[in-house]
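For reference, the structure is listed below as structure tokens.
The values are calculated or read from the model by the stated rules, or taken from the named source; none is laboratory data. Quick caveat, the model's predicted, so the values are computed rather than measured. All Cβ positions, even for glycine, are placed from backbone atoms using ideal geometry, and neighbour counts span all protein chains on display.
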Amino acid sequence: MNDKVFEPKIIAFCCHFCAYASADLAGSMRLQYPSGVRIIRTPCTGRLEVEFYMRAFENGADGVLVAGCLEGGCHFIDGNLFAKKRVNSTRNILEESGIEKERLRMVNISAAMATNLVTVINDMVNTIKELGPNPIRKSIDGSGGEYKEFETLNSQK
Amino acid sequence: MIVAKRKKIPEIFDAVKDHKNVLVLGCGTCVTVCLAGGEREVSIISSALRIASRKAGKKIKVNEFIIERQCDNVFIESAAEEIKKNDAVLSLGCGAGVQAIAERYPNTPVYAGLDTSFLGILESRGVWTEKCMQCGTCVLSDFGGICPITRCAKHMLNGPCGGSREDRCEIRADQPCAWQLIYKRLKDIGQLDKISKEYPAKNWSTSINGGSRTIIREDHRI
Ligand code: SF4
Ligand code: SF4
């Protein structure tokens, strides 16, 4: 697939206390990241359930990035450590279901690490570009994996 | 409680792949507590099946429903409407739940989404261990409340076997020697004399070896 056509649709779950703040900072610093990355603020990555990741892929997300605080720096002490375990077990379920596990990734970012955030986002985008669109998109919208709003995909379920 | 674990998605998908509408049916009792077949797992396994189905170019509609207890007709009733709307049921109940649903719906294919593993307890967060293999003639009172049938790898009633290393079983080093535990426990409760009692060979006819079992309480029958 041509890179120009395929702009990966990535859901980035960002913890309110670190990655979300660093995304804010990235904005103030005028740092750019691809527009296909949609940031969802979460109170803590420990709030994120396996179901959330599964639903994102089921509805056509090309990748899911989970960005929590640095290990040892979680506002709720160990939420990010639980998140890490859940992300790892979800990667196995995804692989069993036929989705490459590289499409789900967790990173650790502090509120001051705006440039690092942009780097990990770009890394993720590159990984997904190499993998191509979510393999089930084709059968959801018949588009062969071109960009489509999630809402539309959802309503076709 | 009954402890079970999820089957791998390819195995589950293979079982349901020829149906158009599949109901993933959870159970709110034991398998919810052992994190294998409750509301969350219904949601996760349903998502996985939808993904696997689309990946295979199929359009299986996967529906989700949970009842309080799958091994009880009174509760199965509450799933009647949902079951009728679907061509097949993927039960996330234990083996008893799967069979109870199948018996109740003779024309609906019912598949098992879990591997029912044992009767046990939650040892610590995320760890379940087997405690009883339902031999039908409980001897716990004589062994300080530690089951030699289930927890000794050789099911010995006159243990130990003599092969234990430190406090570990010679068959599996990750397990404590049940007889070491029994000895310590009897000593702690002042009943060490019980350990010198010789036990006759166990009568296994009350266990599953005597065929599947039925309990009838005439005083409760109507
Ligand atoms: S003696 Fe039999 S019934 Fe009692 S705990 Fe052991 S296996 Fe279960
Ligand atoms: S080492 Fe202990 S638990 Fe293991 S088989 Fe021998 S007596 Fe049984």
Margin query: With under 22 Å from the mean Cα position of the chain (by Cα), surrounded by 15 or more Cβ atoms within 10 Å (Cβ to Cβ), in contact (Cβ under 8 Å) with a residue 60 or more places away in the chain and within 16 Å of ligand 1 (Cβ to nearest atom) as the only criterion, which of B:147, B:152, B:135 stands out?
Written below: B:135
Item checked: Index of the failed condition, residue B:141 passing every other in (1) surrounded by fewer than 12 Cβ atoms within 10 Å (Cβ to Cβ); (2) in a loop (DSSP other than H, G, I, E, B) -> (2)
Margin query: I'd like the full set of residues that are among the aliphatic types (A, V, I, L, M) and either part of a loop (DSSP other than H, G, I, E, B) or surrounded by fewer than 20 Cβ atoms within 10 Å (Cβ to Cβ) (or both), limited to the range B:13-34.
Written below: B:15, B:33
Margin query: Would you confirm, using the coordinates I've provided, whether residue A:110 is of a type in the set (Ser, Thr, Tyr) and buried (at least 22 other Cβ atoms within 10 Å of the Cβ)?
Written below: no
Next item on the list: Write out, first by first residue and then by second, each pair whose Cβ atoms fall under 8 Å of each other, whose residues are 6+ apart or on separate chains, and whose first residue, in the range B:72-84, is under 14 Å from residue B:26 (Cα atoms) while the second is part of a helix (DSSP H, G or I) and among the basic types (Lys, Arg).
Entry: B:76/B:104
Check: Could you count how many residues in the range B:35-89 are within 8 Å of chain A (Cβ to nearest Cβ), farther than 18 Å from residue A:94 by Cβ and crowded, with 20+ Cβ neighbours inside 10 Å?
Finding: 0
Next item on the list: Restricting attention to the range B:156-175, report how many residues are in contact with a helix residue (DSSP H, G or I) (Cβ under 8 Å, 6 or more places away or on another chain), more than 6 Å from ligand 2 (Cβ to nearest atom) and free of Cβ contacts under 8 Å to residues at least 40 places away in the same chain.
Entry: 2
Note to self: Step by step: first the residues of the range B:130-151, then only those that are β-branched (Val, Ile, Thr) and more than 14 Å from ligand 2 (Cβ to nearest atom), then the one that is farthest from residue B:199 (Cα to Cα). Which residue is that?
What the structure shows: B:137
Next item on the list: Being more than 23 Å from residue B:129 (Cβ to Cβ) and in contact (Cβ under 8 Å) with a residue 24 or more places away in the chain is the filter here, so list the residues in the range B:176-199 that pass it.
Entry: B:191, B:194, B:197, B:198, B:199
Check: Quick check: anything in the range A:100-107 modelled with pLDDT of 95 or more, within 14 Å of residue A:15 (Cβ to Cβ), over 18 Å from the mean Cα position of the chain (by Cα) and not in a helix (DSSP H, G or I)?
Finding: no
Next item on the list: Could you check, for the range B:156-165, whether at least one of its residues is within 14 Å of ligand 1 (Cβ to nearest atom) and in contact with a Ser or Thr (Cβ under 6 Å, 6 or more places away or on another chain)?
Entry: no
Margin query: Against the definition (within 14 Å of ligand 1 (Cβ to nearest atom) and over 24 Å from the mean Cα position of the chain (by Cα)), how does residue B:140 come out, yes or no?
Written below: no
Item checked: Test set (1) out of contact with any Cys (no Cβ under 9 Å at 6 or more places or on another chain); (2) within 11 Å of ligand 2 (Cβ to nearest atom); (3) aliphatic (A, V, I, L, M) - residue B:178 fails condition number -> (1)
